[in-house]
1. Got a sec? Charge dipole of the chain, +1 on Cβ for Lys and Arg, -1 for Asp and Glu; which of Thr211, Gly142, Pro423 is way out at the positive end?
2. Which lysines have a Cα less than 19 Å from the Cα of Lys365, not counting those fewer than 8 places away in the same chain?
3. Enter the accessible area per residue of the chain (Å², integer; probe 1.4 Å; all protein chains in place).
4. Just the ratio, please: alpha-carbon radius of gyration of the stretch 39-92 over 2.2 N^0.38 Å, N its number of residues.
5. Under 20 Å from a point 7 Å along the Cα-to-Cβ line of Arg335: which residues of the stretch 341-363 have their amide N that close?
6. Once the Cβ-Cβ distance between Asp376 and Val27 is put in as r, and R0 is 35 Å, what FRET efficiency do you end up with, to the nearest 0.05?
7. Starting from the Cα of Thr227, step 7 Å toward the Cβ, then list every residue of the stretch 291-306 with an amide N under 15 Å from that point.
8. How large is the helix-only mean residue ellipticity at 222 nm for the chain, computed as the sum of -39500 (n - 2.57) over DSSP H runs with n ≥ 4, divided by its residue count, in deg cm²/dmol to the nearest 500?
Amino acid sequence: MPPEESGRHAPLNLSPEEFRRVGHALVDRIADFLTRLPDRRVAPAASTREIRAALGADEALPEDGLDSGALIDRAADLIFEHSLFNGHPRFWGYITSSAAPIGALGDLLAAAVNPNVGSAMLAPIATEIESQSVRWIAELIGFSASAGGILTSGGNMANFTCLVAARKAVLGWDVRAGGLRGEGSTPVALYASKEAHTWVEKAADMFGFGTSAVRWIDVDRKRRMKTDALVDAIADDRRRGCQPFLLVGTAGTVGTGAVDPIRRLAAIAREHDLWFHVDGAYGGFAAAAEDVPDDLRALGLADSIAVDPHKWLYAPLEAGCALVRDPEALGNAFRYRPAYYNFDETAVNYVDLGVQNSRGFRALKVWLGLRQAGRDGVVRMISDDIALAESLFSLLDRHPDVEARTRNLSITTFRYVPSELRPRAGDPAVEGYLNTLNRAVLSAIESGGEMFLSNAVIDGVFLLRACIVNFRTTSADVRAVPEILSAIGERLDRELRPDGLKRPT
Ligand SMILES: *Cc1c(COP(=O)(O)O)cnc(C)c1O
């Protein structure tokens, strides 16, 4: 029987009164959560088993629905209780930022109206907001304001999008129709440093080049691509009849924050007819700040660049951005014209510029963040993160039981080295033990809940790594690090040090 004309009962609908009541209560709970965040553990105390039990992970989908207010309350309880809080002032793991609260409101607003930002017709204002966000991002990092671009789910997708644009633009045969083995094809090679992010191999694999097409170029002592090794590798490939096609520079490596010699790489790419792509997922936005490596001023020389608003623009996950200097490059790589698209061809239809078909309004949270902070506000937050990283490095450098290793942008690497073992660093037995010890220190820090770090491995040395992309971190938080680290380090060193490395008594 069809529903009554007046008053269909749709179990997912909410009356405006109910939405108001449940929504207001949720906003209050979120505000309380944000207030108490600094007093909480960074990582949850419960084990995976306990978390599954709290959720009832094994239960089948119940037949009957639930009341919205009670349900939202239960969801909030679960999530506030059992999450790792990257918005905590002492979260410095990986590269995940504290999220701007205005972004959360933006996501609520975006979901409420729910435009499909695949086409301008389906999302008139949202399309314009995305275009403006893309242009603001390009201007912020010193990329051409006439660039083409699109927001993506993150840095990986932004890098993939640029690679597909490059493939269409550079390869000398019809790669969209014929594929990599199409008529007139040659084997191709792409170049990235050994410190480049793993998206490079994922992309080489997914887009059919194969990971063996990637030439992993050596880095110098500062973890920057060695340009003479790059030039040699290009010459080698040419000699073997392999077409050099894409050069990937990294503006802020995921391990240590190193910035490749972007100017020099741009010149080499131009000389050898390579598409020059910059992975700026971490460091791209730092180009707007002062006192950063000069090579960040040269991002405008790239053919394409990937940046990540959900990193150093503090947008809530997910938001990445692909930019291409030639505004036609994305459309040339992605556009199709099926009969069932009835779109205005003169408008921007984002379905033509990237991988997705239906697209959410992720631009709103990015646009709100940019507009709330303004250029000055963004620069200030990034510069403060870098200044905090510098002060962390110098605090650790002065500590007798810590070896501070690197500091680039807002990433600091270091390890716990009992002072008594310091003179013996380099001895293979000592180094082996220090790797074991620091792995254990990292696990204890991560599960301890006082702060959250991740790791880097440099030349076989296991290091702890703090990456500050967190507008909630203060200098008091940074000053607390040495004490937390040495308490955990001393305890584990007592437990773990093998007899052979103990001081003779
Ligand atoms: C984070 C990061 C990526 C991947 O970005 P996601 O947003 O995690 O997909 C790629 N490259 C670099 C240098 C990164 O720091």
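The values are calculated or read from the model by the stated rules, or taken from the named source; none is laboratory data. All values derive from a computational prediction rather than experimental measurement. Using ideal geometry, Cβ is built from the backbone for each residue, glycine included, and neighbour counts are taken over all protein chains shown. Areas reflect the complete protein model, heavy atoms only, side chains present, ligands, DNA and RNA absent. Shrake-Rupley method; radii C 1.70, N 1.55, O 1.52, S 1.80 Å.
1. Value computed over the given set: Pro423.
2. Filter leaves Lys311.
3. 49 Å²
4. Ratio of Cα Rg to 2.2 N^0.38 Å: 1.37.
5. 341-359
6. Computed FRET efficiency for Asp376 and Val27 comes out at 0.75.
7. Answer for the stretch 291-306: 294-299, 301-302.
8. For the chain, the value works out to -13500 deg cm²/dmol.
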